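The values are calculated or read from the model by the stated rules, or taken from the named source; none is laboratory data. Worth saying up front: this structure is predicted, and the values here are computed from it rather than measured. Note: ideal-geometry Cβ built from the backbone for every residue, glycine included; neighbour counts use all protein chains shown.
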Amino acid sequence: MSERGPVRGGKGLLRGRFSGEVHPALDRINRSLPVDVRLWREDVDGSVAHAEMLGARGILSKAAARRIVAGLRRVRRELESGTFVAKPGDEDVHMAVERRLTELVGPDGGRLHTARSRNDQVATDVWLYLGRASARAAARVRDVQRALVRLARRDGDAILPAYTHLQRGQPVLLGHHLLAYVEMLARDHDRLLTVTIGRPCPLGSGACTGVSYPIDRRRTARALGGPATEPSANSLDAVSSRDTLTEWVYAAAQAAVTLSRLGEDLVLWTTREFGFARLGDAVSTGSSIMPQKRNPDGAELLRAKCARVTGDLVTLLGLQKGLPLGYNKDLQEDKAALFDAEDQLSAMLDVARAMLEDVRFDRARMRAAVTEASGYLLATEAADWLAKRGVPFREAHRAVGALVRAAEERHVALEALPLDVFRAAHPCFDRTVYRALTPEAAVAARTAVGGTAPENVERELARWEAHLDVRRRPARGH
Ligand code: ARG
C-alpha cells in the first residue's frame with residue numbers, strides 16, 4: 001500500500017465534512033487501533049448493552065436492535081477466533097468494531113452510535129477493562145504470596161541478620177523476613193482488587209454534555225456487570241477523567257515497588273558476599289564471556305521493570321495535568337501506559353513466582369552472618385538485659401557500647417568477653433547475661449505482637465496458609 005494510497009487513513013467514517021483523506025502523518029500519530037484493540041471484549045460488551053437498551057427504550061426498533069446485537073456477536077466471534085481483519089481506515093477499536101458491524105448487518109450498523117460518543121464509549125471500555133484487569137493481577141499476586149508462604153514453611157526457622165541501613169542489625173527468622181513480603185503483597189493485592197470498586201459507569205455521558213435521548217443508564221450499567229451498577233453523575237467528569245485508570249497504575253506501580261525490593265534482596269542474597277541463596281538453573285542466566293557466572297537477571301529485571309511501571313504512572317499524571325475540561329485527544333495515550341503497566345507487572349509477578357519456586361537457602365551461611373564475631377548482632381540483647389533489670393535504657397545502651405568497643409579491641413564476639421569485662425562496663429551484669437546472648441534467645445525474646453519470636457512466626461504462617469489455601473507438605477524440602 002502506498003503512503004498516500006487512496007485508503008491510507010481512509011475517507012473514513014468520520015470524514016463527511018472534509019474533502020480528501022487524512023494526511024498519513026496525522027493518521028500515524030492518531031491511529032490507536034494497535035494499542036486499543038486490546039479493549040475489543042469490553043467494546044463489544046458495551047455496544048451490546050447499549051444496543052439492547054436502545055431497543056428496550058424504543059430509541060431503535062426492536063428488530064434493528066436485535067440485528068445489531070446479532071451482528072456484534074459475530075464481530076465478537078471473529079475477534080475471538082482471530083479472523084477479524086482490520087482495515088486501513090480503522091482508526092481505533094471502536095471504529096473497527098462499528099465498521100465491521102456495518103459490513104455484516106448493513107445500515108442498521110450505523111444506528112448503533114445513536115445516543116453515544118466515542119468519548120463515553122472509550123471511558124466505558126476502560127471502566128470495564130480495569131475491573132477485569134484487577135482480578136487478573138490480584139490472582140497473580142496471590143500466587144507470589146503462596147510461593148513465599150511455602151518457602152517460609154520450608155526454611156522459615158533459619159536465622160539470618162535483619163538489616164537496617166544494609167548493616168547487620170539483629171537476628172531474625174527467615175520466615176519473618178519472607179512473611180514481610182507476604183504482608184506487603186497483601187496490601188498490593190487489595191489495592192489492585194479494590195481500586196475500581198464503586199466507580200460509576202460513564203456510558204450515556206455522550207461526547208461531553210450528556211445525551212438527548214430517553215436512554216436508561218441504570219440498565220446499561222447493570223447489564224455490564226462492571227465495578228458499579230450506578231451511572232456517573234456528571235457527563236463532563238465522566239468523559240474527561242482518568243483518575244481511576246491512574247489509580248490502577250499506581251496500584252500496579254506500588255506492587256512493582258514491592259517486587260523490586262524482593263528482587264534486590266534476591267540479588268544481594270545470591271552474591272558470593274552474602275551467599276544466603278542460590279537460584280535454580282532455570283531461573284539463572286549465564287554470561288557471554290565469564291563461564292562461571294550465574295546471574296540473577298530475573299531479580300534485576302524486577303528492579304528495572306519497576307522503573308518502567310513507575311514511568312507509566314508519571315506519564316498518566318503528566319497526560320492529565322492542565323487539560324481543559326472535556327475530552328481531549330491526549331487521553332488516547334492513557335491506554336498505552338495502562339497496558340504497559342499491566343504487562344510489565346504480570347511479567348514481574350510471573351518471574352518472581354518462578355524464582356521463589358526454585359530457590360535454595362544456605363541456612364549455615366545465614367547463621368554465620370549472624371554469629372560472625374565482628375557483627376555484634378546481640379548488642380541489643382545485652383542492653384535489653386540491663387534495662388529489664390531496672391537500668392535506664394540510655395545508660396544500658398552506653399554501657400553496651402563500651403562493651404562492643406572492648407570486644408572489638410580483642411577481636412571477639414560480645415558473648416566471648418569474660419564476665420569481669422561485662423561488670424566493668426556495668427556493675428549490674430551477672431553471668432545469666434550469657435543466656436540472652438545467642439541468636440535463638442534473641443529471636444525467642446521477641447514475643448510482642450509483630451515480632452520474630454518462633455511462635456509468632458508460626459502463628460502468622462499458619463494464618464497465611466489458611467488464608468491463601470496453601471497446603472502444607474509433610475516433609476522439609478531439603
Ligand atoms: N481512541 C480514542 C481514545 O482512546 C477514543 C475517543 C475518541 N474521541 C474523539 N473525540 N476523537 O481516547
Can you find a residue that is farther than 16 Å from residue 456 by Cβ and within 16 Å of the ligand (Cβ to nearest atom) anywhere in region 179-202? yes
Within region 392-414, is there a residue that is assigned to a helix (DSSP H, G or I) and in contact with a Phe, Trp or Tyr (Cβ under 6 Å, 6 or more places away or on another chain)? yes
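Counting only residues that are assigned to a helix (DSSP H, G or I) and under 17 Å from residue 151 (Cα atoms), how many does region 348-364 have? Even if it seems obvious, please write down each step before you answer.
From region 348-364, those assigned to a helix (DSSP H, G or I) are 348-356, 363-364; that's our starting set.
Checking which are under 17 Å from residue 151 (Cα atoms) leaves us with 349-356, 363-364.
Total satisfying the criteria: 10.
Of all residues in region 15-60, count the ones that are hydroxyl-bearing (Ser, Thr, Tyr), surrounded by fewer than 22 Cβ atoms within 10 Å (Cβ to Cβ) and more than 13 Å from the ligand (Cβ to nearest atom). Reasoning before the result, please.
We begin by selecting, within region 15-60, every residue hydroxyl-bearing (Ser, Thr, Tyr); these are 19, 32, 47.
Now drop any that are not surrounded by fewer than 22 Cβ atoms within 10 Å (Cβ to Cβ), which leaves 19, 32.
After this cut, where a residue has to be more than 13 Å from the ligand (Cβ to nearest atom) as well, the list is 19.
Counting residues in region 15-60 that are hydroxyl-bearing (Ser, Thr, Tyr), surrounded by fewer than 22 Cβ atoms within 10 Å (Cβ to Cβ) and more than 13 Å from the ligand (Cβ to nearest atom) gives 1.
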Residue that is nearest to residue 238 (Cα to Cα), among those in region 324-338 that are more than 10 Å from the ligand (Cβ to nearest atom) and part of a loop (DSSP other than H, G, I, E, B): 325
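Within region 408-419, does at least one residue satisfy the condition of being free of Cβ contacts under 8 Å to residues at least 60 places away in the same chain, among the acidic types (Asp, Glu), touching a helix residue (DSSP H, G or I) at 6+ places or on another chain (Cβ under 9 Å) and within 30 Å of residue 362 (Cα to Cα)?
Yes, that holds for at least one residue.
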Kindly indicate whether any position in region 424-433 is of a type in the set (D, E, K, R), out of contact with any Leu (no Cβ under 7 Å at 6 or more places or on another chain) and either modelled with pLDDT under 95 or farther than 30 Å from residue 148 by Cα (or both). yes
Residue that is nearest to the chain's Cα centre (by Cα) [pool: residues in region 426-471 that are in a loop (DSSP other than H, G, I, E, B) and among the hydrophobic types (A, V, I, L, M, F, W, C)]: 468
Among the listed residues 38, 17, 73, which satisfies the condition of being modelled with pLDDT of 95 or more, over 32 Å from the mean Cα position of the chain (by Cα) and either under 27 Å from residue 226 (Cα atoms) or not in a helix (DSSP H, G or I) (or both)? 73
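Does residue 309 satisfy the criteria of being under 28 Å from residue 267 (Cα atoms) and either under 21 Å from the mean Cα position of the chain (by Cα) or within 16 Å of the ligand (Cβ to nearest atom) (or both)? Outline the logic, then answer.
Numbers: under 28 Å from residue 267 (Cα atoms): yes; either under 21 Å from the mean Cα position of the chain (by Cα) or within 16 Å of the ligand (Cβ to nearest atom) (or both): yes.
Here the answer is yes, as residue 309 does meet what is asked.
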Quick check, is residue 38 in contact (Cβ under 8 Å) with a residue 60 or more places away in the chain and touching a Pro at 6+ places or on another chain (Cβ under 7 Å)? no
Exception for residue 320 within (1) away from the ligand (no atom under 16 Å from the Cβ); (2) farther than 30 Å from residue 149 by Cβ; (3) touching a residue at least 60 places away in the same chain (Cβ under 8 Å); (4) not aromatic (Phe, Trp, Tyr) falls at (1)
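In region 244-303, what count of residues is obtained for those that are part of a helix (DSSP H, G or I), among the aliphatic types (A, V, I, L, M) and at pLDDT below 95?
Of the residues in region 244-303, the ones part of a helix (DSSP H, G or I) are 244-269, 281-283, 297-303.
Restricting the remaining residues to those that are among the aliphatic types (A, V, I, L, M) gives 245, 249, 251-253, 255-257, 259, 262, 266-268, 282-283, 299, 301-302.
In the following step, the residues that additionally are at pLDDT below 95 were identified as 282-283.
Residues meeting the conditions: 2.
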Any chance residue 258 is buried (at least 21 other Cβ atoms within 10 Å of the Cβ) and more than 16 Å from the ligand (Cβ to nearest atom): yes
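From the list 125, 157, 120, 90, which residue is more than 16 Å from the ligand (Cβ to nearest atom), at pLDDT 95 or above and either part of a helix (DSSP H, G or I) or in contact with a helix residue (DSSP H, G or I) (Cβ under 7 Å, 6 or more places away or on another chain) (or both)? Write out each step before concluding.
On the way: 125 fails: more than 16 Å from the ligand (Cβ to nearest atom); 120 fails: more than 16 Å from the ligand (Cβ to nearest atom); 90 fails: more than 16 Å from the ligand (Cβ to nearest atom).
One residue alone meets the criteria, 157.
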Can residue 111 be described as farther than 18 Å from residue 277 by Cβ, within 16 Å of the ligand (Cβ to nearest atom) and in contact (Cβ under 8 Å) with a residue 12 or more places away in the chain? no
